[in-house]
Each structure stands twice: as structure tokens, then as C-alpha cells.
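These notes are about the structure you will find just below.
The values are calculated or read from the model by the stated rules, or taken from the named source; none is laboratory data. Predicted model, so just to flag it, every value in this text is computed and none were measured. Note that each Cβ is placed from the backbone with ideal geometry, even for glycine, and that neighbours are counted across all protein chains shown. These area figures cover heavy atoms from the full protein model, side chains too; ligands, DNA and RNA do not enter into them. Shrake-Rupley method; radii C 1.70, N 1.55, O 1.52, S 1.80 Å.
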Amino acid sequence: MRGVCCLLLLVSCVFAEDVLILKNGGKVTGRVNEKGDFVEVLRDLSSVRFSRDDVLRIEYDSELHPEEMRSDSLDVLQLIGGREFLGRCTIRDNGNNVFIQLDRGTGLGFPRDQITQIIWGRQGSDDERTRVHAGLDELLELYVETAPEERTQTRRELYRLGSFAVPYLESLQVNSEGARKEAINFSLSAIFLNPLISARLRAVMPEFPVFWFDPDPDIQITVLRRASLEDPEGVTPFLSAAVKSFDREPRVKAFAISQLASLGRNQELLEVLDATNDGRMRMAVAVGLGSNGIYAGIPVLIEALKHEELDVRAAAIANLKAWTGEFRNFFPDDTAERRAQGIELWEAWWTEHAQEIIETSAKMVRGHDGVREAEREKAFELSRLANEAWTEFSRLAPDDPGRQFGSDKAEYFFERSLINDPTNIATRLGFAIFHYVVSADTTAALREFNILLKTLPPESNSRERSQVFFHQAQIAMARKNWDMANDLLRSAMAYDRDDIEARTSMGELRVQEAIHRRGLSKETRKLLLAEAVEELSIALDAMIERRSDFSRSSLNLIADESLGSFDKGPLLRNADEVKEGLKAQHGRIHQLMGRALLALNLDVRAREHLQSAYRLIPRSWRSDEEERQLKHLIQGLGGNIEEP
């Protein structure tokens, strides 16, 4: 009988084992010990270690482990991403960090933004759990007693503490009502949202869920604006959710639409356009898509021409004209009968052009992969023809009627090229420059520049972005918007530190500000002129280096011929023209330096730079008025005119 008892004891010892289940489907039996990032399984006299990342779950045997070591007895700390730790939790630093004591004396600490929730075990940290529950009860009472407009701080505390007691909040949810239930619902919604937030957004805006669910529309807009700046990729799902939400105010939805458009999230905008029947929202989405060069929303604007409100009709026709160049005899303030006639013309126009516009829009959404090889080749040829036409009419006299014919031809080729391949960066940039240099249409130019900035792929080089910012700055300078021009030129130089044109323009901007900006003190004007001299000195040194290394410079400029030139258009076709262009650019820098020094009353140095400008700039690059003014300045400073 005694032998039988020993045998039974032996059998029970043999079968008393924990089971470690791996994610790959494997099972390992033995005595399991958890050690930080590893799990150790003891088998007879040997042991095997596994990374926690490879472990699906552990099934403990009750005979091998005391009651307090069972998983339903300990606290469970759940991290974002699904990882869990068993132990006893302690909340520290006012809820900003959690420390968990593991079973073998090991301790780990985690910041609040990495934690999904804590599930308190039966024999876990009883005191800590009681303290958390009591704290939540106090916050819920405070929420009820506080005026709605003053509850933001309480919501923040509920979110911070609530994730440490999700089951408790869920138990309170059943019998709560009014403001108390509202507070509980908010806390649970914010907690469950946290794992869906990108790591970047959690790091820079740890309380994003609090503000996302805040009932104040101004706070919602503020948090979306900041999130768009901090993490454009991570905020996109929330912008889309705001637009599609049933309970967000119209101005929050309108802001979210504008942000999606600004970030170039065209696919999301198209989804909203298909999903909503709200007329105003559809129009906002159509306008947002149009700002990105996607005109699939034209039917929405044509429908808006029928709207009862004058402002809506005016906005619709303004966008239609800007996108298509068409007018169709529609005046938003005309009689209903005459407006109906204009609408019929627009509907007929859309019927004729719908397929082409929809196909081009689809290419813009899909990007480079949406354009067939044959279309790319045709677009390249049309772009070449546009640049050739531009070159030819630029060489004609200002009063030659051939200039207008050539301009029309170049514009037509640019348009057809972009219809075939709307993703071609050089063509769109060239067309944008054409708009403001030749057609003096700065609005159309800015529209094309904005489309470029939103559609430039991440792998695009710095030179391309620098070019866009540089030309946008030229328009801002022409409009005397000094501050915007300054920001744009700094952006251009941030992308391309060697951009001589951008640095020259920065010097020119400082000169223009010092001479023309109103309300500046004498000291401020001198400071601006000193900055101009500094920028132009750097540009002159760089230009001397560029001219001395002509082979490199000519290759760069000829490669950029399709980008155009602010002064002369795409004229740099061969080595001689490259040489002439460099010489003229060098002279322009000297001319600007002369103006800056003259304003500082440094007449001798000013005269030297103006004489250099006269020698370097070819006569064909100067108008008669520029010729007269330059000669007048040099002679007024006692200098001699040296013909080039």
C-alpha cells in the first residue's frame, strides 16, 4: 500500500507542469519563470529561454505556483501594441508613470502614453486600486458640479486616471446618468482611442484624446491644427473622421476638409465627396480638391450655381472660372432666367469635357503610376513645344504681334502636356512661371505652385522645392508682401543652401523693404540695407565660383531649361546662352549691391558695383528705361560709362 502511495505521488509530480504557448503554435512544458523581457522554462536539469515577443500565453499549474502567482490574482498592465505584464502595479508621478513589480523581484516602469489600461487582480495592489477608484469617484463628482465650460481640466484628469480602472468605469456606466454618465462615456472613449493614435502624435500631444472629444468646437479645431503640423500622416484618419462625424459642428468639418486639402489627402476627400449628400460640405470638398488640381468636383459647383444664396453662386462661378478659364455668360447676381441659360451652357460644357477631366483627376490621385508610358512621352513632347514657343516669342520686340501668337501657342502646349501627364513636375513648374512672367496672372501661378508643393513626392530633390518657394517669393515681392516673401525665401534656402538666385532675391527684398516699406525707423532701414549687403556679398562670391567652373554651371542650367527664367523665359539652350545668362545674373547682383550701398551713402563703392553691372549685363537684357536709369546713376556718381 505504501508503494502505491509513492507511485501516486510520483505521478502527480510528473504531471504538475506549466504550459508555455508560443505564437508560432509550439508548446513547451515545464516550470515557467518570468524574467523581465524573457520567459524561462525549467525542464529536469536544463532550462530554455524565450523572448516575451514570441510568447502567446502562459498556462500556470496551480500545484507548482501559489495562489498569489496565478494570472487572475495579479494586476495586468496592458501596453499599446498588445503586450502585457503580470505583477503588482504602482502609479507614480501624478499618474504620468506606472511601475510594475514582477514575480521574481524584477521591476519595470512605463510612461502613461504607452499604457492601454490596468486590470487589477484579486490579490494585486489592493491599496493602489482603492486609491484609483476613490480618485475617480471624486473626479466624477467634481465634473457634475462644475459648469460645462470649465470641465476641461477635469476631463484631463479623468482620462489620465481612468485608464488605470477601465473595468471600474464600465461598472459605473450602467447606473449613471446625466453629466456623470457623460463624463464616464468621455473617459472610456478617450482611453479606447489612445491605441489608435500614432506614436509621434502620442509623444508630442499626449492628451490628444482629451481635446479630440472636447465639446468646444474651438478646442477641436485647435487640436486638429496643431496635430496637422506635428504629424500630418497620423492626423489624417482623425480629419476624415471629423468630416464624416454626425455630431461635429459644420465649422469643425469645414476646417477638417481644408486641412485634408492642404495636406494633399485627395483620396480621403474623394471618399467624402462620394459619401455625403450635404450640399455645403460637398462644395467645400470640391473646392479643396480643385486647389490640388483635381477637378472632379466641377459638377458640384455647377449645381451650386442654382443655389438661392448669392454668396454661394459667386463662390461657385469664381472657382469654375479659375479652374477652367471659362465663363459661359453666368453672372451670379443676374435674373433667374438668365442664370438658367448660363447654367445650361455650363452643363453642356461639362458633358463635352467630363471624361477628359475625370481621367486627368484620376491620374493626379494615383500619381506617377497612374500615367501610361505613351502619355508621358506625349506630355514630354508637348512640354518641349511649349518651351520652344516661349523661347521664340521672347526674342521678339515687345510690340511685335507675333508675341501674342507665340504666347497663346505656348499656353496651349503647356495645358495639353499637363492633361496627358499632370504629375510632371518640370512642366507644371514651367507653366506656373509662364503664368506670372508672361501672362501676369499671379493667381493662376500661385495655384500651380500650391499644387506642386502638395504633389511633390517625398523623394523629390531639394532643388525642386527650392524653385517653388523662390518663385512664390517673387510674386510676394511684386505684391509688396515683404513678410511672406521673407518666409518663402528662407524656405527656399533651407532646401538649397547653394541657391544663388534665392540669396540674391533675399538681398533685393532687404533693399526693397528699406526703400519702400512705410513706418520704419532710420536705424531699421540701415539694418535692412546692411543685411542686403551681406546677402549680396555671399551671392557675388558664389557667382564668381560658378562662372569659374563653367562646365558644371552650364550643365546645371541647361538641365533646368524647362524650369524657365524669371527674367527671360527658357532661353538657355546652349553653352553660349548659358555663358550670357551667367554674365547677366552676375551683373544683376552688382546692380542690386550698388543700390544698397547708394542708400547707405557709400557712393564710391556703389559706383564701382553699378559700373560692373553695366559691363556685365548684355544690352539685350536691359530695357531702354533700365539703360537710361543705370547710365544716369553712374554719371551722377562721377563715373564713366564703359560699354560691354
Go through Trp323, Trp390, Trp349 for me and flag whichever is in a helix (DSSP H, G or I), among the aromatic types (Phe, Trp, Tyr) and within 24 Å of Gln259 (Cα to Cα). Trp323
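Can you confirm whether Asp216 is among the acidic types (Asp, Glu) and within 26 Å of the chain's Cα centre (by Cα)? Steps first, answer last, please.
On the way: among the acidic types (Asp, Glu): yes; within 26 Å of the chain's Cα centre (by Cα): yes.
The answer is yes for Asp216.
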Considering only residues that are surrounded by fewer than 17 Cβ atoms within 10 Å (Cβ to Cβ) and in contact with a Leu (Cβ under 8 Å, 6 or more places away or on another chain), which ones fall in the range 396-440? Gly402, Arg416
Here the residues within the range 36-69 that are touching a strand residue (DSSP E or B) at 6+ places or on another chain (Cβ under 9 Å), of a type in the set (D, E, K, R), at negative phi and at pLDDT below 70 are Arg57, Glu59, Asp61
Leu456 passes all but one of the listed conditions (1) modelled with pLDDT under 90; (2) farther than 23 Å from Arg497 by Cβ; (3) touching a Lys or Arg at 6+ places or on another chain (Cβ under 7 Å); the exception is number (2)
Among residues of the range 477-493 being in contact (Cβ under 8 Å) with a residue 24 or more places away in the chain and open to solvent by 50 Å² or more (accessible area, probe 1.4 Å), the residue farthest from Arg595 (Cα to Cα) is Arg479
Which residue is farthest from the chain's Cα centre (by Cα), if the candidates are limited to the range 183-198 and must be open to solvent by 40 Å² or more (accessible area, probe 1.4 Å) and free of Cβ contacts under 8 Å to residues at least 24 places away in the same chain? Asn185
For Phe238, work out the one condition from (1) under 29 Å from Ala445 (Cβ atoms); (2) open to solvent by 10 Å² or more (accessible area, probe 1.4 Å) it doesn't fulfil. (1)
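Just wondering, is there one or more residues in the range 206-222 that are part of a helix (DSSP H, G or I) and more than 30 Å from Leu140 (Cα to Cα)? Spell out the reasoning first.
Applying the first criterion (part of a helix (DSSP H, G or I)) to the range 206-222 yields 208-212, 217-222.
Adding the requirement that they be more than 30 Å from Leu140 (Cα to Cα) leaves none.
The answer is no, given that none of the residues of the range 206-222 is part of a helix (DSSP H, G or I) and more than 30 Å from Leu140 (Cα to Cα).
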Flagged pairs (Cβ under 7 angstrom, 6 or more apart or on separate chains; first in the range 619-631, touching a residue at least 40 places away in the same chain (Cβ under 8 Å) and closer than 19 Å to Lys583 by Cα; second open to solvent by less than 80 Å² (accessible area, probe 1.4 Å) and in a helix (DSSP H, G or I)) are Trp621/Ala584
Of the numbered conditions (1) without any contact (Cβ under 8 Å) to a residue 12 or more places away in the chain; (2) open to solvent by 70 Å² or more (accessible area, probe 1.4 Å); (3) of a type in the set (A, V, I, L, M, F, W, C), Ala318 satisfies every one except a single condition; which is it? (2)
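Please work out which residue is surrounded by the fewest Cβ atoms within 10 Å (Cβ to Cβ), limiting yourself to the range 132-155 and to residues that are of a type in the set (Gly, Ala, Ser) and in a helix (DSSP H, G or I).
First, the residues of the range 132-155 that are of a type in the set (Gly, Ala, Ser): 134-135, 147.
In the following step, the residues that additionally are in a helix (DSSP H, G or I) were identified as 134-135.
Values: Ala134: 10, Gly135: 19.
The selected residue is Ala134.
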Spot the failing condition for Val223; the list is (1) surrounded by fewer than 19 Cβ atoms within 10 Å (Cβ to Cβ); (2) in contact with a helix residue (DSSP H, G or I) (Cβ under 8 Å, 6 or more places away or on another chain), and only one is missed. (1)
So Asp334 passes all but one of these: (1) farther than 23 Å from Asn266 by Cβ; (2) in a loop (DSSP other than H, G, I, E, B); (3) touching a residue at least 40 places away in the same chain (Cβ under 8 Å). Which condition number does it fail? (3)
State whether the residues of the range 142-149 include one that is more than 39 Å from the chain's Cα centre (by Cα) and on the phi > 0 side of the Ramachandran plot. no
Which residue out of Ser245, Ser258 is among the polar types (S, T, N, Q) and at pLDDT 90 or above? Ser258
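I need the helices (runs of 4 or more DSSP H) fully contained in the range 245-309, keeping only those with at least 2 residues that are of a type in the set (Gly, Ala, Ser) and open to solvent by 50 Å² or more (accessible area, probe 1.4 Å).
Working: elements: 250-262, 266-275, 279-291, 298-304.
Result: 250-262.
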Considering the range 119-131, residues that are crowded, with 19+ Cβ neighbours inside 10 Å and over 14 Å from Gly162 (Cβ atoms), and then whichever is modelled with the lowest pLDDT, we arrive at Gly124
Could you count how many residues in the range 472-484 are more than 20 Å from the chain's Cα centre (by Cα) and in a helix (DSSP H, G or I)? 7
Using beta carbons and a limit of 7 Å, which pairs, at least six apart or on different chains, have the first residue in the range 403-427 and over 17 Å from Val371 (Cα atoms) and the second one open to solvent by 70 Å² or more (accessible area, probe 1.4 Å)? Gly406/Glu392
If you scan the range 156-180, which residues turn out to be open to solvent by less than 40 Å² (accessible area, probe 1.4 Å) and not in a helix (DSSP H, G or I)? Ser163, Phe164, Ala165, Ser176
Quick count over the range 571-604, residues being part of a helix (DSSP H, G or I) and surrounded by fewer than 16 Cβ atoms within 10 Å (Cβ to Cβ), is 4
Look at the range 329-365 and say how many of its residues are open to solvent by 70 Å² or more (accessible area, probe 1.4 Å), more than 23 Å from Ala284 (Cβ to Cβ) and among the charged types (D, E, K, R). 5
Filtering the range 441-452 down to residues that are charged (D, E, K, R) and not in a loop (DSSP other than H, G, I, E, B), which residue is most open to solvent (accessible area, probe 1.4 Å)? Arg447
